[in-house]
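Q: Got a structure for you, questions after.
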Amino acid sequence: MDMAELWRTLVWPLTRLLVSLSVGLLVANLIEALNWTRFMARFAAPLIRVGHMKDVVGASFSMGFFSGMAANTMLAEAYAENRLTPRELVLANLFNSLPTYFLHLPNMFFITAPFLGSAAFLYVGLTLLAAILRTLGILFVGRLLLPPLPEGCVVCHLGEDRVTLASALKKSWARFKRRIKTIALFTIPTYVGIHFLSTHGFFGYLEKFVSEHLGGMPWLSPQAISIVIFHMAAEFTAGLAAAGALLGAGDLDVKQVVMALLVGNVLSTPMRAFRHQFPYYAGIFKPAMAIRLIAWNQAFRAATIIIVAVGYYFLG
């Protein structure tokens, strides 16, 4: 691999990731230092009261609509300071799946629409329904597993500990310098390792292996299975291109295409999520917790999409 290729595929993406992590960490630290987390939590207060969650979880949920990295950093800071237990951290990270979905929603829709036309509304709508089900499910689980919070806890600190911008910046910078070293220590070698596995075909082999063993789905036609295979063996747009071609030629109807895309989503996303998320998750949360969070996220995401797909198959 020449230097230009190494820069394009490894050095530049890793640099962008570290810059994004740094910005997210600075923003999260500054918001925390200024006590804005309590103010931001007010917007999510009705939801987090139902799920017995703390104010920092509500603040992270609100921040998640603007920056998923900053939202996760906020949770990591609270966890490092023992303001969140491991169980609360897992539930909080899962709770943020809805704002994370909305961050990617415009991009997903405007990529999907040219290939699928009006069917894009159905596919995107079903994945949105799955994201909403995840949020409702986490609220239910939180209410069962977490103890009730004191009345007014979500907003009880809104007026306390007012600080100046200068002191908040100083505090944020001190915390940033401590945390960024640990983040870089885990992120850089992890990213390089994932890149090495990817360039040597490890993930491609896994995706090909799964795509070649797609038995047990007789309710999908061979044409629909081809969409799943393209979805897994290449990228999301390859599956969309195959779906658009088959839909346009009249070989498949809308329901068959949407079902194939949902199946491809369930089968292909976990490996890609690990490949793309693990380097920065490992820097923010440490590797063991990063694996735990990604595993829970993908398992819960797959479960809700399967529920939606089954409902659509029988009722659609």
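The values are calculated or read from the model by the stated rules, or taken from the named source; none is laboratory data. No experiment lies behind these values; they were computed from the predicted model shown. A quick note on method: Cβ atoms are made from the backbone with ideal geometry, for glycine too, and the neighbour counts reach across all protein chains shown. Calculation scope for accessible area: heavy atoms of the full protein, side chains included, ligands and nucleic acids excluded. Shrake-Rupley method; radii C 1.70, N 1.55, O 1.52, S 1.80 Å.
Q: I'm told ARG301 meets every condition in (1) closer than 29 Å to ARG87 by Cα; (2) outside any helix (DSSP H, G or I) except one. Can you identify the failing condition by its number?
A: Of everything listed in (1) closer than 29 Å to ARG87 by Cα; (2) outside any helix (DSSP H, G or I), ARG301 misses just condition (2).
Q: Of the residues PHE110, PHE115, PHE121, PHE140, which is among the hydrophobic types (A, V, I, L, M, F, W, C) and under 22 Å from PHE300 (Cα atoms)?
A: Result: PHE140 is the single residue among PHE110, PHE115, PHE121, PHE140 that is among the hydrophobic types (A, V, I, L, M, F, W, C) and under 22 Å from PHE300 (Cα atoms).
Q: While we're looking at this one, here's another question. Being at pLDDT 70 or above, open to solvent by less than 90 Å² (accessible area, probe 1.4 Å) and farther than 18 Å from THR304 by Cβ is the filter here, so list the residues in the stretch 135-152 that pass it.
A: LEU145, LEU146, PRO147, LEU149
Q: Is it true that some residue in the stretch 84-93 is modelled with pLDDT under 80, charged (D, E, K, R) and either under 24 Å from PHE300 (Cα atoms) or part of a helix (DSSP H, G or I) (or both)?
A: Looking for residues that are modelled with pLDDT under 80, charged (D, E, K, R) and either under 24 Å from PHE300 (Cα atoms) or part of a helix (DSSP H, G or I) (or both), one finds none in the stretch 84-93, hence no.
Q: Now for a different question. Out of MET74, MET53, report the one residue that is in contact (Cβ under 8 Å) with a residue 24 or more places away in the chain, closer than 27 Å to ALA174 by Cβ and crowded, with 21+ Cβ neighbours inside 10 Å.
A: One residue alone meets the criteria, MET74.
Q: I need the full set of residues from the stretch 229-269 which are open to solvent by 40 Å² or more (accessible area, probe 1.4 Å) and at pLDDT 80 or above, in order please.
A: Passing the criteria: ASP253, VAL254, LYS255, GLN256, LEU267.
Q: Then there's this: Report yes if VAL11 is free of Cβ contacts under 8 Å to residues at least 24 places away in the same chain and either assigned by the TED database to the domain that holds ARG134 or farther than 20 Å from ARG275 by Cα (or both), otherwise no.
A: Spelling it out, VAL11 is indeed free of Cβ contacts under 8 Å to residues at least 24 places away in the same chain and either assigned by the TED database to the domain that holds ARG134 or farther than 20 Å from ARG275 by Cα (or both).
Q: As an exercise: evaluate VAL155 against (1) among the β-branched types (Val, Ile, Thr); (2) in a helix (DSSP H, G or I); (3) at pLDDT below 90 and give the number of the one condition it does not meet.
A: Unmet for VAL155, out of (1) among the β-branched types (Val, Ile, Thr); (2) in a helix (DSSP H, G or I); (3) at pLDDT below 90: (2).
Q: While we're on this one: Under 7 Å by Cβ, and 6 or more places apart or on different chains, what pairs join a residue from the stretch 259-286 that is within 18 Å of SER20 (Cβ to Cβ) with one that is aromatic (Phe, Trp, Tyr) and open to solvent by 10 Å² or more (accessible area, probe 1.4 Å)?
A: These pairs meet every condition: PRO279/TYR191; ALA282/PHE186; GLY283/PHE186.
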